[in-house]
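Below is one structure, written out as structure tokens; comments come after it.
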Amino acid sequence: MSKPIGLGLLILALLLLCLLSLLWGHYPLSWRELWQWLTAAKALPPEKEAQIRILMMEIRLPRLLVAILVGAALAASGTVFQAVFRNPLAAPDILGVMAGSAFGGALGIILGGPWWTIQMAALVFGLAAVAMAYGIARHFPGQPTLMLVIGGILAGALFTALLSLVKYAADPYQQLPGIVFWLMGSLSNVPLGQIGYFALPIVLGTCLLVLCGPHLDALSLGDEEAHTLGLPVRRTRLTVIFIATLLAALAVMMAGMIGWIGLIVPHLARLLLGPGNRRLLFGSALLGAAYLLLADALARNLFAVDVPVGIFAELLGIPAFLVVLRQIRKAWA
């Protein structure tokens, strides 16, 4: 498949899944009703118009936008980590950002307060975990990339232990269920009016990473080769890692813990679009958004109650990874 066709298919799939997310649900809509509401081409009954407005503005449209932003952020972040560390198993949690954000969110739930304080705690501790990993890598000499991974493992282990401590200390009837549900992932935490605050840094960060695609291609060759090409390796590595970490932390702020997207989506995009990181980052963002939209549509509609979207993201990821495992090995080779 040619690369322009692959990008076109990803854009078409994303648009179709957006339409599906708006129409499909426990209160189904026809495309004609949605079109009439959007364009006001034909007046709807006042009661019907009010129902559709509440459904769209308070439930489906916010979830759709959050799914697009979170899926794109996690997929782009995973693509960067796989390129920087030259490891097909690298994911946004390789430097401990997911564990740190999970601890911060759980701590915010225990301390109480409005939802935005929980989100800010998730962001702060996610970045703190990466800062800890970087501090360990700076303190101990050796291969910078290897020491950074080791620092990430230690930071992740620390914040995972702290998360267990917070869960143990939480009220088992009032706080612990909220922590467990948040850790399973949800797209209903951000109202429509607050999505713009997340959209700007996520879109800007993703665009910056796309522009850094040629630099990531050089880093994928190894430090010596990148130096030979005139690339400031250390500064470039820290810059893209910081942006990718920020994207992952923002995704956790918005939706809690959602796994597999940062691991499996970059591989799927690489099969469609090839290894060039500029094109790959753009395609991964599109595919990550489509992947999470599909997972959310299934989570909302297959059962009588909404299932946490993180569960379906993992359930979809496991068979997808097994199906394309042989092709993934060829692509990385």
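A few comments on the model shown:
- Picking from residues in the range 14-32 that are modelled with pLDDT under 85 and buried (at least 16 other Cβ atoms within 10 Å of the Cβ), the one that is nearest to residue 307 (Cα to Cα) is 25.
- Residues satisfying the stated conditions in the range 190-205, i.e. crowded, with 19+ Cβ neighbours inside 10 Å and either in contact with an Asp or Glu (Cβ under 7 Å, 6 or more places away or on another chain) or assigned to a loop (DSSP other than H, G, I, E, B) (or both): 190
- Considered as a group, the residues in the range 224-237 that are more than 17 Å from residue 277 (Cα to Cα) and not basic (Lys, Arg) include one that is modelled with the highest pLDDT, and that residue is 232.
- Qualifying residue in the range 136-151 (condition: at pLDDT 90 or above and either among the hydrophobic types (A, V, I, L, M, F, W, C) or surrounded by fewer than 19 Cβ atoms within 10 Å (Cβ to Cβ) (or both)): no
- Every condition in (1) under 19 Å from the mean Cα position of the chain (by Cα); (2) of a type in the set (Gly, Ala, Ser); (3) surrounded by fewer than 19 Cβ atoms within 10 Å (Cβ to Cβ) is met by residue 131 except one, and the failing one is (1).
- The number of residues in the range 165-177 being outside any helix (DSSP H, G or I) and closer than 16 Å to residue 256 by Cα comes to 1.
- Summed over the range 9-49, the residues that are without any contact (Cβ under 8 Å) to a residue 40 or more places away in the chain and part of a loop (DSSP other than H, G, I, E, B) give a count of 10.
The values are calculated or read from the model by the stated rules, or taken from the named source; none is laboratory data. Worth saying up front: this structure is predicted, and the values here are computed from it rather than measured. Cβ coordinates were reconstructed from backbone atoms using ideal geometry, including for glycine residues, and neighbour counts include every protein chain displayed.
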